[in-house]
Amino acid sequence: MADLKNMGQEVASEVKRGARRGAQAVTGHAAPGLDLLARVGYASKGVVYSAVGLLALGVALGQGGATTDMQGALLRLQDIPGGSLLLWVLAAGLLGYATWQLIRALLDPEHQGTGPKGLGKRAGYLLSGVANTGLALFSARLALLGTATRQQNSEDRAAAAVLNLPAGRLLLTAIGLFLLGVAAYQLYVAYGAKFMKRMAFHDISERLRGVLVKIGQMGITARGLLMLVIGSFALLAAWRGRAREAVGVSEALTWLRDQPAGNVLLGAVALGTLCYGLWCGVQALYRRIRVEDAA
């Protein structure tokens, strides 16, 4: 029996190694195409975040409209000239970005490792890959059909689903704490410009380089602040056991507007969100994307 058990373990290990070698071989051969797709993905993500930031900035400046999230931004982009074509490009780009995030999570080309910190980052990449796949499909449906069902109040529905699970409040608390951890890490990265280790600026002046770093710091800070608000409301929803307390990007921006000096707060975060969109465009040009390292 012991021999059979050992043989089974050896076979299982060999199957795992074979599957990984196969995935690495495919990734290695596809590296140039995936590199390009990832860069288009960063640019596409930048367009969406820039739209979110611009719409929120218009609200802060009293120009009307309403704050929105990524799906709402895609709905607004549909209305501009050439909107359908742009949505197809964004769908392809967002799918490329999702693919890159999944590669980062599963094959670890950036060598984050399997320690607690590395696994936390890779879990974030995995969630990002899933979320951006959904956003890409939403953009494609919108381009194809001219309409798509926007997931209104999707955050409180997701929170309700979690709360209905065994130990749901504990799980939602863990999610809220994870989001706060992500927010703290992003603020840390922004403050120390830690993101620069992933960049390969070349043939640009030191002055322009400094401007780009400031854009990155402002953008990542704004994203961290939004994540801080979203995570805090997730904890509040867990504590009170009320899913409707959970919020997403749009609701977080609206909450900022409703605070004292709310237009100033909203304007600052909206400007930062616009900077984050611009920073995604900078990453499309200058980020080190080492898909081949997964092989």
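Tally the residues that are modelled with pLDDT of 90 or more and closer than 19 Å to Ala73 by Cβ, restricting the search to region 221-247.
Total satisfying the criteria: 7.
Of the numbered conditions (1) surrounded by 15 or more Cβ atoms within 10 Å (Cβ to Cβ); (2) closer than 23 Å to Cys275 by Cβ, Gly168 fails exactly one; give the number of that condition.
Of the numbered conditions (1) surrounded by 15 or more Cβ atoms within 10 Å (Cβ to Cβ); (2) closer than 23 Å to Cys275 by Cβ, the odd one out for Gly168 is (2).
Listed here are the residues, each with its yes/no results for (1) touching a Ser or Thr at 6+ places or on another chain (Cβ under 7 Å); (2) of a type outside the set (Ser, Thr, Tyr); (3) open to solvent by 60 Å² or more (accessible area, probe 1.4 Å).
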| position | (1), (2), (3) |
| --- | --- |
| Val211 | no, yes, yes |
| Val229 | no, yes, no |
| Arg242 | no, yes, yes |
| Ala252 | no, yes, no |
| Ala261 | no, yes, yes |
| Val264 | no, yes, yes |
| Thr273 | no, no, no |
| Ala284 | no, yes, no |
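Scan region 202-229 for residues that are under 25 Å from Ala270 (Cα atoms) and either touching a Cys at 6+ places or on another chain (Cβ under 8 Å) or in contact (Cβ under 8 Å) with a residue 60 or more places away in the chain (or both) and jot them down.
Within region 202-229, Leu212, Ile215, Gly216, Met218, Gly219, Ala222 qualify.
Of everything in region 73-90, what is open to solvent by less than 10 Å² (accessible area, probe 1.4 Å) and either hydrophobic (A, V, I, L, M, F, W, C) or modelled with pLDDT of 90 or more (or both)? Give them in sequence order.
First, pick out the residues of region 73-90 that are open to solvent by less than 10 Å² (accessible area, probe 1.4 Å): 73-74, 83, 87, 90.
Within region 73-90, Ala73, Leu74, Leu87, Leu90 qualify.
Tally time: how many residues in region 114-137 are under 23 Å from Leu87 (Cα atoms) and open to solvent by less than 40 Å² (accessible area, probe 1.4 Å)? Break it down into steps so the answer makes sense when it comes.
Our first condition is that a residue be under 23 Å from Leu87 (Cα atoms); within region 114-137, this holds for 127-137.
Subset that is open to solvent by less than 40 Å² (accessible area, probe 1.4 Å): 128-129, 132, 134-136.
So the answer is 6.
Are there any pairs with C-beta distances below 6 angstrom linking a residue in region 244-268 that is under 19 Å from Val52 (Cβ atoms) to a residue that is basic (Lys, Arg), with the two at least 6 apart or on different chains, and if so which?
Hits for this filter: Leu266/Arg257.
The values are calculated or read from the model by the stated rules, or taken from the named source; none is laboratory data. Since the model is a prediction, treat every value here as computed from it, not as a measurement. Neighbour counts are summed over all protein chains in view; Cβ atoms, including those assigned to glycine, are modelled from backbone coordinates with ideal geometry. Calculation scope for accessible area: heavy atoms of the full protein, side chains included, ligands and nucleic acids excluded. Shrake-Rupley method; radii C 1.70, N 1.55, O 1.52, S 1.80 Å.
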